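Every number in this text was worked out from the coordinates using simple rules, so none of it is lab data. Please read all numbers here as calculations on a predicted model, not as lab measurements. As a convention, Cβ positions derive from the backbone with ideal geometry for all residues, glycine included, and neighbour counts pool all protein chains shown.
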Amino acid sequence: MDPKRAPRSKLWWASVIGVFLVVAAMIVTLVLVRQPPREPATVDTAMPGLPEPPESESAEEQEGPPVGHHVGEVAPSFTLPTLDGELVSLADYRGRVVILDFWASWCVPCRLSMPSLEETAEELGGDVVLLGVSLDRIEGDARAYIEAKAYTELVAVYGSLSAARAVASAYGVLGIPRTFLIDRDGIVRFAGHPDTLQRTRIEALL
């Protein structure tokens, strides 16, 4: 082979290879351009064999006020024994106006306000119930106080200090005396110190 022709042969083959690569690149580009775009990926979150979760009710679909200790809310239900051992539930007095009082025999303000509540319940008759949750440390202290004062209208409930405290917690009681006025439908109409509970407010619910 002529040594002068070797470089020309190499140049020729390099040109052929270069042209081939350019043509191949053009073909690949045309294929990619003409290919239709893919649909965006979707994830199927449904799991076969499992029921669909229930739809939550909107605020408009919920019936009645919520349960709570604020005015306008449904008074929290509870059941406690009286000092005579008879179980009493707040629901037992549905249809009557309930004066719910949290008190204790060692509480001086409670002892000062209790006579007025007792008198109001007595004068307004059977449509009004005075229900008192005692927060005494010992049941005997509550019993001795009521017997000494000869209260007859007060329905005192206790059970145990922990049980009474649980009811007080449900009503957001931080200090005593604390009184709630509950209407015939079980709705809280007053919450505060018993001295600020006006008799006319009770009579308006009768």
message = Is it the case, given these coordinates, that A168 is in a helix (DSSP H, G or I), touching a residue at least 24 places away in the same chain (Cβ under 8 Å) and not acidic (D, E)?
response = yes
ask   = Quick one: what pairs do we get from the range 190-206, first residue without any contact (Cβ under 8 Å) to a residue 12 or more places away in the chain and of a type in the set (K, R), second surrounded by 13 or more Cβ atoms within 10 Å (Cβ to Cβ) and outside any loop (DSSP other than H, G, I, E, B), C-beta under 9 Å, 6+ apart or different chains?
value = none
ask   = Is one or more of the residues making up the range 142-160 surrounded by fewer than 19 Cβ atoms within 10 Å (Cβ to Cβ) and on the phi > 0 side of the Ramachandran plot?
value = yes
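Condition check ((1) assigned to a strand (DSSP E or B); (2) crowded, with 21+ Cβ neighbours inside 10 Å; (3) in contact (Cβ under 8 Å) with a residue 24 or more places away in the chain) across all residues:
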{"site": "S105", "(1), (2), (3)": "no, yes, yes"}
{"site": "P109", "(1), (2), (3)": "no, no, yes"}
{"site": "M114", "(1), (2), (3)": "no, yes, yes"}
{"site": "L117", "(1), (2), (3)": "no, yes, yes"}
{"site": "E122", "(1), (2), (3)": "no, no, yes"}
{"site": "G126", "(1), (2), (3)": "no, no, yes"}
{"site": "L130", "(1), (2), (3)": "yes, yes, yes"}
{"site": "D136", "(1), (2), (3)": "no, no, yes"}
{"site": "G140", "(1), (2), (3)": "no, no, no"}
request  = For the range 164-172, state whether one or more residues are closer than 23 Å to L205 by Cβ and of a type outside the set (G, A, S).
outcome  = yes
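What residue, among those in the range 91-102 that are of a type outside the set (V, I, T) and in contact with a strand residue (DSSP E or B) (Cβ under 7 Å, 6 or more places away or on another chain), is farthest from L161 (Cα to Cα)?
To start, the set of residues in the range 91-102 that are of a type outside the set (V, I, T) comprises 91-96, 100-102.
Then drop every residue that is not in contact with a strand residue (DSSP E or B) (Cβ under 7 Å, 6 or more places away or on another chain), which leaves 93, 96, 100-102.
On the way: Y93: 23, R96: 27, L100: 17, D101: 16, F102: 12 Å.
The extreme case among them is R96.
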